[in-house]
Amino acid sequence: MRFFVILLCGWLAGVAWAAPSSVAILQYHHIGHDTPRVTSVTAAELEAHFAWLQDQQFTVLSLADVQQRLAAGESLPAYTAAITIDDGWRNVYHEGLPVFKKYRYPFTIFVNPKLMREAPQQYMNWEQLKELQQYGAHIANHSNSHWHMTWRQDAETESEWRQRVEADILSAQQEIDEQLGPQPRHFAYPYGEYNEQLEQLLAEHGFLAFAQHSGPWTAYTTPTAIPRFPASAQYANLATLSTKLKSLGLPVISSTPASMVVAHGMVTPSFSVELANTDDFNPRQMNCFAGSSVLQPQWDGNRFTVQLEQPIPVGRSRVNCTVPSRSEPGRFYWYSQPFVRPNAQGTWPD
C-alpha cells in the first residue's frame with residue numbers, strides 16, 4: 001500500500017504558478033580521511049557544504065520541523081535543506097563536532113543500537129550522542145543491526161518475517177527513547193532498501209521512513225519512501241551537489257512498480273509515474289538517466305513511462321529524471337526511481 005499526501009496545486013485565477021515547497025535532504029555516513037571514500041566526506045568537505053548553505057541563504061530545518069510544516073500545508077522557504085547522517089560512526093563525533101558547534105544546524109543521526117553495543121570502538125555511545133544533541137542533533141532509528149530488511153530467512157513465512165522485522169524496529173526505538181527521551185519516529189532504511197510490506201509496517205507504527213534514492217521531499221512524497229541526496233565521495237563536489245540542493249520535487253500522485261525490488265529475471269524493467277499536473281515544465285524536455293543511457297519518457301496525459309534499454313545489474317540501481325522549471329529558471333525538477341534486482345537466490349551484495 002502506498003500512502004500519499006496530495007496538495008491542491010495548479011493555476012489559480014490571477015495567480016501565477018508556484019512550484020511546490022521542496023526540501024533537499026543531504027545524506028552522509030563517515031566523516032574522515034581514513035574511511036571508505038564511497039561513504040565518506042572529510043571534515044573540510046562537510047564544512048564547505050555547511051558554509052555553502054549559509055552563503056546561499058538556505059534554511060536548514062530538522063526532519064521533524066519539515067514533517068510538521070508539510071503536514072500543516074505551510075509553504076517553506078525557496079531554498080530549504082535538511083541534514084542526515086547514517087550509522088552513528090564514532091568519527092562523526094570526533095571529526096564533525098567542531099563543524100556542528102560552529103554552524104549549529106539541526107541534523108539527524110540514524111543509529112543501530114545493537115551495533116553500538118557490539119562494536120563500541122566503531123560507533124558513538126549514548127553520552128556522545130547526548131553531547132551532539134546540544135549542537136543540533138536529533139537521534140533516530142536505523143534498525144538494530146543494519147541488515148537487509150526485505151530478505152527472508154530460510155523457510156520463513158511472510159508472517160514470521162513481519163514479526164521479526166517489527167520486533168527489530170520497535171526494540172531499537174525503545175532503546176533510543178530510553179536513552180535519550182522520546183524521539184521522533186523517523187526511520188532510515190539500511191542500504192535504502194524497502195518494499196510495500198515494510199512500508200506498510202512502518203506506516204502502521206507512525207514512522208516516516210527515509211531511503212537513498214535521490215530527489216527532494218515535498219508534500220506529495222510518500223511518507224515511507226522519502227528520498228535523500230548522497231553527499232559523499234564524488235557526490236560531495238559542490239559543482240554538482242549545488243544543482244541537486246536547489247532542485248524541485250515533481251508532484252507525484254502515484255507510481256509503479258510499488259516495490260523497488262524486482263524479479264531476478266526482470267533485467268530491463270520499466271516504471272510509470274502519474275503527476276498532479278505538468279504546468280511548470282515542458283514534458284518534452286524531460287530526460288531520464290540510467291547509467292550511461294539517456295532515456296526519453298513516453299507521455300500519456302500527466303503520466304509518463306520509462307522503459308530501460310540496458311540490463312540493470314544484480315543489486316541496487318536507480319534512474320534519475322530531470323526537467324527544467326518554467327517558473328524558476330535555473331532550477332530542475334528531479335525524480336528518482338530505485339530498483340533492486342536480486343540474484344537467483346533472492347539476495348544481493350551490500
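Let a ≥ b ≥ c be the square roots of the eigenvalues of the Cα gyration tensor of segment 128-250; is it rounded (a/c under 1.5), or, if not, prolate (a/b larger than b/c) or oblate?
Because a/c hits 1.5 or more and a/b fails to exceed b/c, segment 128-250 counts as oblate.
Could you tell me which of rounded, prolate or oblate describes segment 254-341, using a ≥ b ≥ c as the square roots of the eigenvalues of the alpha-carbon gyration tensor, with rounded for a/c under 1.5 and, failing that, prolate when a/b is larger than b/c and oblate otherwise? Cα axes put segment 254-341 in the prolate bin. Along segment 332-347 the Karplus relation, 6.51 cos²θ - 1.76 cosθ + 1.60 evaluated at θ = phi - 60°, assigns HN-Hα couplings of 10, 6, 9, 9, 10, 10, x, 9, 10, 10, x, 7, 5, 8, x, 10 Hz to successive residues, with x for each Gly and Pro. Averaging the sequence gap over all C-alpha pairs within less than 8 Å and six or more residues apart, then dividing by the number of residues, gives segment 254-341 a relative contact order of 33 percent. Using Cβ point charges alone (K and R +1, D and E -1), the dipole size of segment 188-325 about the Cα centre works out to roughly 440 debye. Helices meeting the span-like rule in the chain (full DSSP H runs, Cα extent of at least 15 Å along the helix axis, mean Kyte-Doolittle score of -0.5 or higher): 43-55. Exactly which GluC sites (Glu not before Pro) in segment 139-246 are in a DSSP loop and have at most 13 other Cβ atoms within 10 Å? Here the sparse-neighbourhood loop sites are Glu156. Across the chain, Cα pairs under 8 Å and at least six residues apart give a relative contact order of 18 percent. For a test of the definition: using alpha carbon positions, the gyration tensor, and the 1.5 limit on a/c, classify segment 244-297 as rounded, prolate or oblate. Prolate, since a/c reaches 1.5 and a/b exceeds b/c. Across segment 322-328, computed HN-Hα scalar couplings (Karplus, 6.51 cos²θ - 1.76 cosθ + 1.60, θ = phi - 60°) run 9, 7, x, 6, 7, 7, 10 Hz from first to last residue, x flagging Gly and Pro.
Run a plain Debye calculation on the chain (Cα atoms as equal point scatterers, no solvent) and give log10 I(q)/I(0) at q = 0.07, 0.08, 0.12, 0.13 Å⁻¹, rounded to two decimals, same order as the q list. The Debye formula, applied to the Cα set alone, gives -0.29, -0.38, -0.88, -1.05. DSSP beta bridges fully contained in the chain are about 50 percent antiparallel.
Residues whose amide H falls under 5 Å from that of Ala290, counting only those 5 or more places apart or on a different chain, are Leu295, with hydrogens built in the peptide plane. For the chain, lysine pairs with C-alpha atoms less than 25 angstrom apart, excluding pairs fewer than eight positions apart on the same chain, total 5.
The numbers here are math on the coordinates, done by the rules we state, and not lab data. This one's a predicted model, so the numbers in the text were calculated from it and none came from an experiment. Here Cβ is always computed from backbone atoms with ideal geometry, including for glycine, and neighbour counts include all displayed protein chains.
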